[in-house]
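Below is one structure, written out as structure tokens; the observations come after it.
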There are 4 protein chains.
Amino acid sequence: MKKLLIALSACLALVSLSNRQKKQRIVFFGDSITEAGVKPTGFITRIGDMLKQKGVDNNYELIGAGIGGNKVYDLYLRMDDDVLAKSPDIVVIWVGVNDVWHKRTYGTGTDADKFEKFYNAIIKKLHAKNIKVFICTPAAIGEKTDFSNELDGDLNKYAAIIRNIASNNNCPLIDLRKMTLDYNLKNNTANKDRGILTTDGVHLNDAGNNAVADIMYSTIFK
Amino acid sequence: MKKLLIALSACLALVSLSNRQKKQRIVFFGDSITEAGVKPTGFITRIGDMLKQKGVDNNYELIGAGIGGNKVYDLYLRMDDDVLAKSPDIVVIWVGVNDVWHKRTYGTGTDADKFEKFYNAIIKKLHAKNIKVFICTPAAIGEKTDFSNELDGDLNKYAAIIRNIASNNNCPLIDLRKMTLDYNLKNNTANKDRGILTTDGVHLNDAGNNAVADIMYSTIFK
Amino acid sequence: MKKLLIALSACLALVSLSNRQKKQRIVFFGDSITEAGVKPTGFITRIGDMLKQKGVDNNYELIGAGIGGNKVYDLYLRMDDDVLAKSPDIVVIWVGVNDVWHKRTYGTGTDADKFEKFYNAIIKKLHAKNIKVFICTPAAIGEKTDFSNELDGDLNKYAAIIRNIASNNNCPLIDLRKMTLDYNLKNNTANKDRGILTTDGVHLNDAGNNAVADIMYSTIFK
Amino acid sequence: MKKLLIALSACLALVSLSNRQKKQRIVFFGDSITEAGVKPTGFITRIGDMLKQKGVDNNYELIGAGIGGNKVYDLYLRMDDDVLAKSPDIVVIWVGVNDVWHKRTYGTGTDADKFEKFYNAIIKKLHAKNIKVFICTPAAIGEKTDFSNELDGDLNKYAAIIRNIASNNNCPLIDLRKMTLDYNLKNNTANKDRGILTTDGVHLNDAGNNAVADIMYSTIFK
């Protein structure tokens, strides 16, 4: 009997170990929007809640790796320490707002061709480690629906670049730009520049965190 | 008999003088696009041709007053010399491209609130002289139809400001921005950034000069 | 006796009238730095105090006409209302910081050639009314003495333009740029970017208001 | 006799091999200025000539690794392929002009803190391979000597950052900024913005290539 118990306990331990080994590690890699995603009401926290509701939260570990002000080359610089060192199974990249925005505010945005070059270099390094990579278009710099937000043109240009990158690298695309525009066309009939999915035109409010969590969840776990 | 001839000749001279006095003077006031409008295939020349075809060209004098690189405050600075000194009956103002464009290229665009202030000041001075003022929205900086021309957002913003200025000052509006977008949606299915109505995304090609002449003619002479 | 009193009173009235007529009106025309000049410790207030100490304050009326964010073309736009309407004898123009600074912060600075054109137009209008015009170079955007303030190069360029304008128009120059650099070379051995003559690199602190009042007083009232 | 010849030939081969092994490989890593350094009259070619004159050219291999438009993060991105893959003994880094210049021209310069971060990352990777690293301050964007070149302030700021980086990392400094200013103070009494050491204010003319070759030679081979 004692032997049986020992055997059983060893068996359970193995199952548990095997479960632990199967736990998928997902790193969310981005700027201040992602940085805020791990807050109690942030989109990463919400995705965790959704996994819990499905009873599969033990299968996944969600890690936030967002830093305010980051542009694509900042991600490249810190990817060894902040992403690869964590041996993730999945990486969700969400970057681009600052690459466009900082052109206007600091004169330090990112050239379109270099944006693409660094983005491809990041994906290449991740794919080399057999990491599954999801990439996102930037959601918004201003929520007006009539394309009169000052940086709409350039943001659309970089969103188009990202769609191409996704296609060229066989990365599933999470088209937050399209989602945001569609959502605003329905819910922002007053053509306001903030307050629908964002607090300030860029950073997510509650509705924004919900909407982003929804589209990410349905894309990543489908 | 001699007396009769003299009387008749005096009478004809008076009629002629009165005709000359009734000739309406139209000044086209703007930037490089307007500057090119007086070339043989330019839109001002074309409007002149259209007046000729109707046989009313003797009733109008068309004057080009465009200077390359001009922004709204440049128009204000030179309006005494280049517009008021010519005692026009009608002024057609077309400005705004450089106010947006030069933000990116030279760091010397025009703030939105000051754009409006100078525009209103120009109109006020013209209206004070009982001059009829037509105002135009800027047509394009890039002809892509998916709102991914880099400066689309800001250009749309300034176009919206101009529509408000027109409404506030009871100035007939010539909405070249809307005309250009509509035309491109029909004729630019390849989403090219130039070559539809412009040579370079900004300056008019033949089709552009025709299109602008058409909408101006039908608005001014309706 | 009654006649004598009447004569005396008439005489006093004449003297008073003549005094009033002789009171020189000085308008300080500029941006936020000038706007703050009329505060209790501002440089315009201090110049007033210096005139009082000399017992000649009744001979002068000092008027502040500074508005925050103004560039040279903003001065041109409002000079009829804010300067000419006040029939000044003397105008002190101090502008240029925003023409340089806003290139970086908003993309809406002023091109060097247009800066000169508007400046000359302002002076021409003032001289046409026989108003004496003093012009100032911009003091500083950052107080470091080793020419490593980000905008030093462009600010020096615009200061050089203003020195030429002064020379071309026979306007006495108040070289605040030179004064500020000289003062800092003596008093800012730590190469700090603010806190010597300014609170923030641009706007005057107490020492700055004193230094500006001194150089203006000695130039205007010499 | 045959054995002797074989032994001799083996011996010579060994000497040759050992010579080859001792040949020091120097990579010049930078932007368009370095890219042009390998032209017949470029500074890298001249350094090669100087080594030849000293009869030590067989001891060194000089490799140009400059690409036009490069900023510090572009160097970081391509350093594996273009520098480390060549197993250099010495790397001479010359970068910074575009990090400052592109703020004005494209809105895509480099933030000062990120400039430093990427620069340190490059040096760290090179030092980890026991590569000796020389670093250079950017020479000029405009050659005027009165600090009125538009970008002088920012360029001086980045030169100061580089001097700190050199000191912090024990990298010998080649102070091209100081050399250029000193040279111009002597030879550019007319305060011209180009034509002394550069063709256009940035890229080296003959005198510039000579001056840069001289200071690099004397620093690297002292």
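Under the 0.36 nm per residue contour assumption, what length would be gained going from the current alpha-carbon distance of C:Asp113 and C:Ala85 to full extension?
Additional length available on full extension: 7.3 nm.
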key: Projected-area mean, segment B:26-129, by convex hull of Cα positions, square nanometres   = 7.0
remark   = Log entry: pair-distance distribution for segment D:181-222, C-alpha pairs binned every 5 Å from zero, whole % per bin is 6, 24, 27, 22, 12, 7, 2
inquiry  = Nearest 10 degrees is fine. How inclined is helix D:2-22 to the longest principal axis of chain D, computing both from alpha carbons?
reply    = 20
inquiry  = Taking each residue in C:50-62, count the Cβ atoms of any other chain within 10 Å of its Cβ, then average. What number comes out?
reply    = 0
request  = Compute the separation of the alpha-carbon centres of segment C:125-200 and segment C:98-124 and state it in Å as a whole number.
outcome  = 15
message = Under 19 Å between alpha carbons, and skipping anything fewer than 8 positions from A:Lys52 in its own chain: which lysines qualify?
response = A:Lys22, A:Lys23, A:Lys39, A:Lys222
key: Sum of -39500 (n - 2.57) over DSSP H runs of 4+, divided by residues of chain A (222 nm, nearest 500)   = -16500 deg cm²/dmol
query = Applying the Karplus parametrisation 6.51 cos²θ - 1.76 cosθ + 1.60 with θ = phi - 60° to the phi angles of segment C:203-210, what ³J(HN,Hα) value in whole Hz is obtained for each residue in order, glycine and proline being reported as x?
reply = 8, 6, 8, 4, 4, x, 4, 4
task = Report, in cubic angstrom per residue, the convex hull volume of the C-alpha atoms of the protein assembly as shown.
result = 327
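Lysine pairs, Cα distance under 21 Å, 8 or more residues apart or cross-chain: how many in segment D:115-173?
Total qualifying Lys-Lys pairs in segment D:115-173 comes to 6.
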message = Label position 7 Å from Cα toward Cβ: report the copy-to-copy distances for D:Lys54 in nm, one decimal, ordered from shortest.
response = 6.7, 6.7, 8.3
query = If you line up the Cα atoms of segment D:127-222 on their principal axes, what length do they span on each, largest first, in Å?
reply = 45, 26, 19
query = If you take the beta carbon distance between C:Asn210 and A:Lys23 as r and set R0 to 51 Å, what does 1/(1 + (r/R0)^6) give as a FRET efficiency, to the nearest 0.05?
reply = 0.15
task = For segment B:121-128, take each phi angle, set θ = phi - 60°, evaluate the Karplus expression 6.51 cos²θ - 1.76 cosθ + 1.60, and give the result in whole Hz per residue in order, putting x for glycine and proline.
result = 5, 5, 4, 4, 5, 6, 4, 4
query = What distance in nm separates the simple spin-label points at D:Val56 and A:Asn164, each placed 7 Å from Cα in the Cβ direction?
reply = 4.9
request  = Could you check the simple spin-label distance between B:Thr219 and C:Ile67, using points 7 Å along Cα→Cβ, in nm with one decimal?
outcome  = 2.8
ask   = Placing +1 at every Lys and Arg Cβ and -1 at every Asp and Glu Cβ, with all other atoms neutral, what dipole size does chain D have around its Cα centre, in debye to the nearest 20?
value = 1120
ask   = Using alpha carbons only, how many degrees (0 to 90, rounded to 10) separate the axis of helix B:72-82 from the longest principal axis of chain B?
value = 20
request  = Relative to the longest principal axis of the C-alpha atoms of chain D, give the angle of the C-alpha long axis of helix D:176-187, reported between 0 and 90° and rounded to the nearest 10°.
outcome  = 70
ask   = What is chain A's relative contact order, in percent, from Cα pairs under 8 angstrom and six or more apart in sequence?
value = 20
Whole-number percent relative contact order across segment B:89-191, with pairs defined as alpha carbons under 8 Å at least 6 apart = 32
request  = Determine the equivalent ellipsoid of segment C:50-199 by diagonalising the alpha-carbon gyration tensor, then write out the semi-axes as square roots of 5 times the eigenvalues, largest first, rounded to whole Å.
outcome  = 27, 21, 14
Loop-located trypsin sites (Lys or Arg not before Pro) in segment A:22-120 whose Cβ has at most 15 other Cβ within 10 Å (DSSP) = A:Lys23, A:Lys54
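Could you compute Rg(Cα) / (2.2 N^0.38 Å) for segment D:81-133, with N its residue count?
1.33
Every read-out reported here was derived from the displayed coordinates using simple, explicitly stated rules and does not represent laboratory data. On a predicted model such as this, the values are computed, not experimentally measured, just so you know. Please note: Cβ atoms are built from the backbone with ideal geometry, for glycine as well, and neighbour counts cover all protein chains shown.
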